[in-house]
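Undergrad: This is the structure, below, for whatever I ask next.
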Amino acid sequence: MTEAVAAVTASVAAPLRGKKRWSYLSRELTLRLATLNEDNSIYLSSLWFVVVDETIYLPIDAAGRHAENLRSGRAMSALVDSGNEYTTVAGVRIIGSAGPVDDPELVERLEHVVGEKYFHEGHPLAEAYFLFGKTVGRTYFKVSTDKMAGWDTRETTTAQVTEVHELPDFVKDRLRNG
């Protein structure tokens with residue numbers, strides 16, 4: 001009888017959980033959001049996002065397709081990822097839903113957090129970004145997660161270091177004569 005072997009995924013081999021996950025999410029800049037359209041096709045785009053009190057918030061322009069899909073309660077998934085080689089790959093996959101934030105004080109706080117995260121003091125495009133948001137009715141959506149899975153291969157790789165080894169004479173002899 002053969003035993004079933006559980007699949008080893010990146011989130012199992014190099015999990016990113018708890019405070020580390022929230023710290024990673026707070027620093028990353030882009031979230032790829034997938035929502036379900038009315039015709040069951042998938043709408044996918046990259047968005048900015050912020051994290052406040054271990055909750056993800058998405059600034060979405062009112063006329064955007066994501067806003068319509070989220071307000072309709074349709075399915076959503078998201079991915080935040082980084083790295084371009086095995087030793088730097090990390091990410092978080094999110095499944096859940098999102099609803100609009102109605103609290104004006106929280107919206108003001110979120111605007112401040114977006115400003116801090118994406119713009120420096122005196123940034124030439126900050127004012128245009130926030131004015132455009134007011135013009136088009138930008139809304140913040142609070143993500144309610146049903147499931148999150150994170151991975152971080154930086155946890156499993158060893159940084160390259162310079163090492164010195166004293167080899168036995170018989171090995172040194174081979175290196176000289178080889």
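Undergrad: For helix 18-27, report the angle its Cα long axis makes with the longest principal axis of the Cα atoms of the chain; keep it between 0 and 90° and round to the nearest 10°.
TA: 70 degrees
Undergrad: Can I ask one more? Enter the angle in degrees (range 0 to 90, nearest 10) between the Cα long axis of helix 126-135 and the first principal axis of the Cα atoms of the chain, meaning the one along which they spread out most.
TA: Its long axis makes an angle of about 40 degrees.
Undergrad: For helix 104-118, report the angle its Cα long axis makes with the longest principal axis of the Cα atoms of the chain; keep it between 0 and 90° and round to the nearest 10°.
TA: Helix 104-118 sits roughly 40 degrees off the main axis of the chain.
Undergrad: Let me make sure I get this right: for segment 52-178, a, b and c are the square roots of the gyration tensor eigenvalues over alpha carbons, sorted descending. Under 1.5 in a/c it's rounded, otherwise prolate if a/b > b/c, else oblate. Which is it?
TA: prolate
Undergrad: Give me the distance in nm between label points sitting 7 Å out from Cα along the Cα-to-Cβ direction at E105 and V164, one decimal.
TA: 6.3 nm
Undergrad: Within segment 10-177, how many Lys pairs that are eight or more residues apart, or on different chains, come under 22 Å at the alpha-carbon?
TA: 9
Undergrad: Can I ask one more? Please list, by residue number, everything in segment 51-75 whose backbone N is under 16 Å from a paramagnetic label point 7 Å out along Cα→Cβ of Y43.
TA: From segment 51-75, the list is 58-75.
Undergrad: Now, a different point. What is the calculated FRET efficiency for A126 to S82, with r their C-beta to C-beta distance and R₀ = 30 Å, to the nearest 0.05?
TA: Here the calculated transfer efficiency is 0.80.
Bear in mind these aren't lab numbers, they're just calculated from the coordinates by the rules spelled out. Quick caveat, the model's predicted, so the values are computed rather than measured. Cβ sites come from the backbone with ideal geometry, for glycine too, and all protein chains shown count toward neighbours.
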